[in-house]
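Novice: After the structure tokens below, expect a handful of questions from me.
Read-outs: derived from the displayed coordinates by stated rules, not from any lab. Predicted model, so just to flag it, every value in this text is computed and none were measured. Backbone-built Cβ (ideal geometry, glycine too); neighbour counts: all protein chains shown.
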Amino acid sequence: MFGLEGGAVPAAFVLTVLSAALCVVYGAVNWNRGGVTEEELARQEIWDGEEKQIEDKL
Amino acid sequence: MSIPLLTTVVLIYLAVIAWLSLRAWRTTHNASDYMVAGRRCHPFVMAMSYGATFISTSAIVGFGGAAAVFGMSLLWLTFLTIFIGVFIAFVFFGRRTRVMGLNLNAHTFPEFLGQRFQSRGLQGAAGLLIFIAMPLYASVVLMGGAKFVAEILAIDYNAALFFLTAIVAVYVVMGGIKAVMYTDAFQGSIMFTGMVTLLVITYYKLGGITIAHQRLSDMKELAIQAFGAKGHTGWTSFPTLGSEYWMVVVTTIILGVGIGVLAQPQLVVRFMTVKSDRELNRAVLIGGIFIMVAVGVAFIIGPLANVFFYYDNPATQGQIALTAAGRNVDQIIPMYISQAMPQWFTAIFMVTLLSAAMSTLSSQFHTMGTSLGRDLYESALGRRGNSMLINKIGVLVAIILSYLLAWGLPVFFEGGTAIIARGTAIFFGICAAAFLPMYFGALYIRRMTLAGAFAGFATGIAVSLFWILFVHLAESKPLLICRALFGVDSLAAGSIWAAVDPLVVALPASLLATVLLNGRGRQVAEPFLQKCFRNVR
């Protein structure tokens, strides 16, 4: 296949393309899924606040 | 090569790096910005940075040269790197790491592990391992970059080493991970463009995809004649099962790097730099395409260089790539570029290789520095101070250490280039054996104990070191310790075990130790586990 010999190397070619295609399809299908939640934003703000407090103390 | 053209390209490249670094520096205000980019990184920047960090100059030149010898069987590594290194890593490790990292306010990979198992000792030990082992990896990447710059610009190695280190040092110390990731994204884009162009021109010159492959397949007898005794069966087929070449291809290159990628501290920390799973989902798409090109092209071009050198290049007609390059594997790709590609592309490719070296180096310096500053000084030793300043100093110390190693190593290792790929493989192997069982357990096994984590960590390191020093011939022979103690190059000399990569033995041993000792010792309290696993799906 494609001028390659045996089964292992052509399989690697095909699997390489298929795995890249899997990444593309997964990324495209889930492009807008899993956005940041209010809870995560709040948590990040708490950590930022704590860090600022420590820095101010120092 | 045209020096004015090269100078212009390099100056434009450095100007863009300077602009990106300045932008990063202006938006870096606190420790969170410095270590995890404020957890607000763009998915394109994250994905490109992940890929560019993974692929160094040695991955293109060294592994591309290795592919010219071993053949296209190395494409299995491309498959594993995309499937495991991107898909599995981002979807099954990355998402949990991001959420748990936010829940625990972790800024580094050791801090993530230490917080998860409630142990500053574990954080310090993991940081110490990184700080001890990574300078070797960083110094060999630095050596590779400096050697390459010295050759291209025809300057002294030490001068090239100094300027390369100084340029990367300025932007990593000043701009932290933002500077690292912004420049990585730019450098990754250059690498992507350079590699695609290289692939297209190569196939065009050799008569098209199928014809080029067929011409290489027809050279089968030459491959068997040159390397048949070691198991070579041709450049477009797999080595003989169980042969020496099979062991190297499967255990060191395919499994060592393909699985090792899952537990690299400099890569894992990138999962904590984005604000939501949406960014990771988008990064899967970008990362998959980038890795396919950046890793895959070198493994196609390397073997095809044999066709060019043997048939199409008058100066080397009748010689396979290894012979044409004076039996120096690391010279195959640079020689192929200079003799097969148009002159304008040579300048582009030089910047591609420079990008590959600098993107990996910057991440290594940053990871080592934060291990010293955050994990060892601030956490394990319990010292307080301006966290960003402490980590800047840590980065600076790591850079100086790597610089001194890269300056000293060529004195002890003549030629120095073979050690680049070896240093990379050693670091990947040790990290995977020490961290992977504990990292997986941290994400998926709620009841995993600190004893189990430590058991896998210690066993992974111990078995890796034993195998490197006394069994794996590729390392035990040049290191000479086995010969000094036992009078032989390897305790397994003459057997197939001497060719088996340390990871293949150390990772199962580490896994076994983790399973056996897990459950012993103190359990992590349920309220804390709920905090760790909040929103982890």
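Novice: Hey, if you put +1 on the Cβ of every Lys and Arg and -1 on every Asp and Glu Cβ in the range B:205-306, which of B:Ala226, B:Gly287, B:Thr273 ends up farthest toward the positive end of that dipole?
Specialist: B:Thr273
Novice: Calculate the dipole size of the range B:361-507 relative to its Cα centre from +1 charges on Lys and Arg beta carbons and -1 charges on Asp and Glu beta carbons; express the result in debye to the nearest 20.
Specialist: Computed charge dipole of the range B:361-507: roughly 480 debye.
Novice: If you take the Cα Rg of the range B:3-420 and divide it by 2.2 N^0.38 Å, with N the number of residues, what do you get?
Specialist: For the range B:3-420, the normalised Cα radius of gyration is 0.98.
Novice: Just want the ordering: B:Arg120, B:Arg98, B:Arg384, from fewest to most Cβ atoms lying within 10 Å of their own Cβ.
Specialist: Exposure proxy ranking, most exposed first: B:Arg384, B:Arg120, B:Arg98.
Novice: Subtracting the Cα-Cα distance from 0.36 nm times the residue separation, let me have the gained length for B:Leu381 to B:Trp19 in nm, one decimal.
Specialist: 126.6 nm is the gain from fully extending B:Leu381 to B:Trp19.
Novice: Can you tell me the Rg and Dmax of the range B:486-537, counting just the alpha carbons, in angstroms?
Specialist: So, for the range B:486-537, Rg and Dmax equal 19.8, 57 Å respectively.
Novice: Compute the orientation-averaged projected area for chain A from the convex hull of its Cα atoms and round it to one decimal in nm².
Specialist: Over every viewing direction, the Cα hull of chain A projects on average to 7.9 nm².
Novice: Quick one: what are the phi-derived ³J(HN,Hα) couplings along the range B:326-342, Karplus 6.51/-1.76/1.60 with θ = phi - 60°, whole Hz, x for glycine and proline?
Specialist: Listing the rounded values in order: x, 6, 9, 4, 6, 8, 4, 5, x, 5, 4, 4, 5, 9, 9, 9, x Hz.
Novice: Arrange B:Phe54, B:Phe109 by Cβ neighbour counts within 10 Å, fewest through most, would you?
Specialist: The fewest-first ordering by Cβ neighbours comes to B:Phe54, B:Phe109.
Novice: At 20 °C and 1.002 mPa s, grab the translational diffusion coefficient of the protein assembly as shown from Stokes-Einstein with a Kirkwood Rh over Cα pairs, rounded to a whole number in µm² per second.
Specialist: The Stokes-Einstein estimate is 88 µm²/s.
Novice: Mind jotting down the distance between the C-alpha centroids of the range B:1-70 and the range B:326-363, whole Å?
Specialist: About 15 Å separates the Cα centre of the range B:326-363 from the one of the range B:1-70.
Novice: Between B:Arg26 and B:Ile201, take the C-beta separation as r, use R0 = 35 Å, and let me know the FRET efficiency to the nearest 0.05.
Specialist: 0.30
Novice: Over chain B, what is the mean sequence separation of C-alpha contacts under 8 Å (at least six apart), divided by residue count, expressed as relative contact order in percent?
Specialist: 27 percent.
Novice: May I pose another question? Bin all alpha-carbon pair distances of the range B:268-326 at 10 Å intervals from 0 and give each bin's fraction as a whole percent.
Specialist: The distribution over the range B:268-326 is 20, 28, 18, 15, 16, 3, given as percents.
Novice: Still on this structure, I have one more. Working from Cα positions, state the angle (0 to 90°, nearest 10) between the long axis of helix A:8-29 and the longest principal axis of chain A.
Specialist: Relative to chain A, helix A:8-29 is tipped by roughly 40 degrees.
Novice: Ignore the peptide's own chain and count Cβ atoms of other chains within 10 Å of each Cβ in B:69-81; give me the average, rounded.
Specialist: Taking all residues of B:69-81 together, the mean is 4.
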